[in-house]
Amino acid sequence: MDLKTVQAQVDSDLARIVSQQDLEDLRVKYLGRKGLIAQLTGSIPGLPVEQRGSFGKEVNALKNKLLGLLAEKEKSFSLPQEDLNPGRFDMGMPGIAQELGHRHPITQIIDEICRIFTRMGFAVVSGPEVETEHNNFTGLNIPLEHPSRDAFDTFYLKDYNKLLLRSHTSPAQVRVMQTQKPPLAVVVPGRVYRPDAVDASHLFMFHQIEGFLVDEHIRFCDLKGVLELFARSIFGPEIKMRFRPHFFPFTEPSVEVDISCIMCRGKGCSVCGRKGWLEILGAGMIHPNVFIQVGYDPKIYTGFAFGMGVERIAMLKYGINDIRLFFENDLRFLKQF
Ligand code: PHE
């Protein structure tokens, strides 16, 4: 085996390496037990004595050069360890978790209430917060001289004649009934606005859920049954209900509905003002004048309607004593729900 030929091969062979396998093959070819280097070394005893020393040195130099070049190639194939983790972090350390948010407690209560009514067959719809005077008042049999139409009790939009921020969700009754024929059963959650001074139980904006059902032969007992199922679903099976006569222009007869106090169970405490009862909503049988306004024949159709304040229900359910807490965006408060 000729040293010069082997030396000449090394460079061209190395240039052709493209894979780990090529590298292994070359290692065997040159450095293997029967490889070229071994053959060269094996030929030393057959050389004249005076040549053996220098020949051996050259073979050794070639071997070292090969080892170096192969090691270099090897490096270029192995994973770039430092790039994956350039020593800047400990891959075994627990990650920094991104905190997940959740729905606002008011949204949660709205969803829960809507779910109870959709199980009973009600559809969920929404209406605009900017309403006409007609939908908010006139269509609901609220006469021109009614105090709730006063600017002290309703936000009117200054530059738009007869537009206002709805003061209750009841205008949705007018909207739905104008566009649909009975039978219908609908709940309408949404924001309402009243120019009230802010305190622990009043805000200028809060949420209501309106509900109404219209068909032939709907009676007051249907309203009672629906509301009782609702109250038991949200406050628990032990809850008691009471219907007190009341007045709303758009229902006749009208009632206010109380539940037995969830703090003292009716015995009387500071939450219920020692009465044992808590008012949770207004309701009644839809007034014939409302039906006439939307073109329903009140001799054929009857129906009931109810409206509840979402914040009030949430405050009762969770024992919260200040309505402002809901809208201060204090995460220490909101995280509890
Ligand atoms: N809209 C009434 C209110 O805001 C509540 C209500 C709705 C009463 C439907 C009766 C029927 O006070």
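Below are the figures for this structure:
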item: Sparsely packed trypsin sites (Lys or Arg not before Pro) within region 110-203, loop by DSSP, other Cβ within 10 Å at most 15; result: K158, K162
item: FRET efficiency estimate (nearest 0.05) - Cβ-Cβ, F204 to E99, R0 35 angstrom; result: 0.65
item: Low-density loop positions, chymotrypsin sites (Phe, Trp or Tyr not before Pro), region 167-246 - DSSP coil, at most 13 other Cβ in 10 Å; result: F204
item: Crossing angle, helix 220-235 versus the chain [Cα axis fit, 0-90 degrees, rounded to tens]; result: 40 degrees
item: D196 paired with K162, simple spin-label distance in nm, labels 7 Å along Cα-to-beta-carbon; result: 2.9 nm
item: Angle between the chain longest axis and helix 49-77 axis [Cα atoms, degrees, rounded to 10]; result: 10 degrees
item: Extension gain, K75 back to S126 (0.36 nm per residue minus Cα-Cα distance, nm); result: 11.7 nm
item: Within region 148-186: backbone nitrogen closer than 15 Å to the H217 label point (7 Å, Cα to C-beta); result: 183
item: Full-extension gain in nm, Q108 to L47, via 0.36 nm per residue minus C-alpha separation; result: 12.4 nm
item: 19 Å Cα-Cα reach of K34 towards lysines, excluding residues that sit fewer than 8 places from it in its own chain; result: K4, K63, K65
item: Candidate lysines - alpha carbon under 21 Å from K335, same-chain residues fewer than 8 apart omitted; result: K317
item: Surrounding net charge for Q9, when Lys and Arg each add one and Asp and Glu each subtract one, Cβ distance under 11 Å; result: 0
item: Cβ-Cβ FRET estimate between F337 and K240, R0 fixed at 45 Å, reported to 0.05; result: 0.95
item: Selection from Q7, L40, Y30, by position along the positive dipole direction of region 3-78 (Cβ); result: L40
item: Helix 20-31 axis, angle to the chain major axis (alpha carbon atoms, nearest 10°); result: 20 degrees
item: Separation in nanometres of the label points that stand 7 Å from Cα toward Cβ, at V18 and K299; result: 9.5 nm
item: Inter-label distance for L325 and D153, nm, one decimal - labels placed 7 Å from Cα along Cα-to-Cβ; result: 3.1 nm
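The numbers here are math on the coordinates, done by the rules we state, and not lab data. The model shown is predicted, which means the values in this text are computed figures rather than measured ones. Note that we place each Cβ from the backbone using ideal geometry, even for glycine, and neighbour counts take in every protein chain shown.
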